[in-house]
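Following: one structure in structure tokens, then a few remarks.
The values are calculated or read from the model by the stated rules, or taken from the named source; none is laboratory data. The structure displayed is predicted, hence computed values, not measured ones. As a convention, Cβ positions derive from the backbone with ideal geometry for all residues, glycine included, and neighbour counts pool all protein chains shown. Just the protein is used for accessible areas: all its heavy atoms, side chains included, with ligands, DNA and RNA removed. Shrake-Rupley method; radii C 1.70, N 1.55, O 1.52, S 1.80 Å.
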Amino acid sequence: MIRSEIVASLQEASIHWMNQKDAVTFANLQHLTRELVQEHQDTGLAEYNRFLGIATRRLQVDNEKLRDLLSGCRVLITGGTGCVGSELLGAVAQFTPAQLTSVSRGITTQYPRLKSVRYVHADISHEDEISKIFASERPHIVFHLAAQRDPGAAEADPIHTIQTNLIGTGNVIKACESVGVDRLVYASTGKALRPFSSDVYVSTKRAAEFLVSTMNQRGVTRGAAARFTHIVNNSIVLAKILSAQRSSAIKLHAPSIGFYAQSATEAAHLLLNSASNASRDMMMNHSIRDLDWPVDLLDFTIGALASNRIAAPIYLGGFDPGYEPTLYPGLYDPDTAGSISPLISSIEAHSLSRSGNSAVDAFTCTSNISEGELREIARIRIATCVETARVPLRRLSILLLDRTLRTLTKAQLQRTYELASRSGQAENADHEIITKKIISLLGEFECSSSSTKAS
């Protein structure tokens, strides 16, 4: 069978499997998966090995500039025992800081511990704990990486995610300003390029970017951000495949998905670049310009199964909560696609700025959190159940959508609307909210123009 025929049969069998979970369908999934692996092993292994090879990629850094910044400096990293955090600790240690501290909620042993690092166990969602640690350590520079990073887990446990990603970031910002930290670098996500999402992970990370921008404008601590995409070294997707047993099926969202990937080293280097580029004038958000071709999910999975001799079948089960099937079609402009980082939307691209590194793009964030938005955050902070947290989080996300779109000119709004309209793609609920807000703002421009002419 040719690939398209196998995939079509796999899609049909997947529907039966999700409805019935019977042994006959499972055996059919196994048979179809074996056919895919046998017939397309070469392309699968090539894609799998390309994915693994991304782990060796590095990003150029200005060592002299970083030595001037970090040598003899007190540095604190939240989430320092994670994959990127551990990589960043090692990178910072090379510049001989006076003090290097890691603050993490979890006790992980997966990554090596450095003798020059002081490891502190604390939860950033506990304001008093973080305040005491900052008062004791009195860092000059803070890299904030601690977060719930799994979109699926964020939907399963929204309270924990909100407390960590949003409230925790607010606690870190407050602690930074209380002890006069010079600069805070925030580890964000490429998913935050969506101007609106009802997903908990995206909503919390995007709102945190606004919190850092607001902090920067207060003038005590300068802020910067760095957007990551899928980190190869601690890949959620690969971990699920490798943990699959012969008796369990591996769920893939769809057969035609591609995803960008980068290495933990690239992420650490991006954070260092962001730190050296932090400005008191405006908060800048950084991402790698060239992330190579997206990884083909199906080929990658075929290669992973073949390389690791995993007999578990795959099934195509649709998108889990927390994962959006498609981006809003107005977010990638064909006039600029390929020339800027795919982690920066066309809505943000109008404020592109020089980052000091030709391999890194940066755009400026100049929006303050308003009183209304602060009230929503306060409601989120005191939430005690899922629904009381989701409602103000959604309201906050809509307010931030309005704030984002108001940075655009009428022509830029019109261009985004035209791109979305041209796509022919059916709108989901989130996309409909974006479109309605764009139409509303275009209407405001028209009213303003009419009033001007009348006067």
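Restricting the calculation to Cα atoms, the chain shows an Rg/Rh of 0.98 when the hydrodynamic-style radius is the Kirkwood one.
Loop-located chymotrypsin sites (Phe, Trp or Tyr not before Pro) across segment 106-175 with a Cβ neighbour count of 13 or fewer within 10 Å are lacking, with loop assigned by DSSP. Under 19 Å from a label point set 7 Å out along the Cα-to-Cβ vector of S450, the amide N atoms of segment 375-413 belong to 410-411. Counting Lys and Arg as +1 and Asp and Glu as -1 over every other residue whose Cβ lies under 11 Å from the Cβ of A46, the net charge comes to -3. In terms of distances greater than 29 angstrom between alpha carbons, the cross-link table entries K174/K410; K65/K115; K191/K436 yield K174/K410.
Couplings 3J(HN,Hα) for segment 238-249, derived from phi with the Karplus relation 6.51 cos²θ - 1.76 cosθ + 1.60 (θ = phi - 60°), are 5, 4, 5, 5, 5, 8, 5, 9, 4, 8, 10, 9 Hz, where x marks Gly and Pro.
The slack between D62 and M1, meaning 0.36 nm per residue of separation minus the straight C-alpha distance, is 16.7 nm. Label-to-label distance for A93 and K410 is 5.9 nm, based on points extended 7 Å past Cα in the beta-carbon direction. Other residues lying with their Cβ under 13 Å from the Cβ of L252 contribute a combined charge of -1, Lys and Arg counting +1, Asp and Glu -1.
The calculated FRET efficiency for E177 paired with R34, based on their beta-carbon distance and R0 = 56 Å, is about 0.45. Comparing P294, V202, M282 along the charge dipole axis of the chain, the residue lying farthest to the positive side is M282, per the Cβ-charge model. Each other residue within a Cβ distance under 12 Å of T161 adds +1 if Lys or Arg and -1 if Asp or Glu, for a net charge of -1. Per residue, the accessible area of the chain comes to 44 Å², computed with a 1.4 Å probe over protein heavy atoms only. Note on D42 and A122: their simple-model spin labels are 5.7 nm apart, each label 7 Å out from Cα toward Cβ. If a/c stays under 1.5 just call it rounded; otherwise compare a/b with b/c (prolate if a/b is bigger, oblate if not). Do that for segment 288-335, with a ≥ b ≥ c from the square roots of the Cα gyration tensor eigenvalues. Because a/c hits 1.5 or more and a/b fails to exceed b/c, segment 288-335 counts as oblate.
The charge dipole of the chain, taken about its Cα centre with unit charges on the Cβ of Lys, Arg, Asp and Glu (plus for the first two, minus for the last two), comes to roughly 1100 debye. On full extension, the segment bounded by Q425 and I236 gains 65.2 nm, given 0.36 nm per residue less the C-alpha separation. Between H160 and R395, the simple label model (points 7 Å from Cα in the Cβ direction) yields a spacing of 2.7 nm.
Please label the shape of segment 16-153 as rounded, prolate or oblate, based on the square roots a ≥ b ≥ c of the eigenvalues of the alpha-carbon gyration tensor (a/c under 1.5 means rounded; beyond that, a/b larger than b/c means prolate, else oblate). Oblate.
Element breakdown for the chain at a 1.4 angstrom probe: carbon and sulfur atoms account for 51% of the accessible area.
Of the trypsin sites (Lys or Arg not before Pro) found in segment 1-74, those in coil by DSSP whose Cβ has at most 13 other Cβ atoms within 10 Å are K21, R58.
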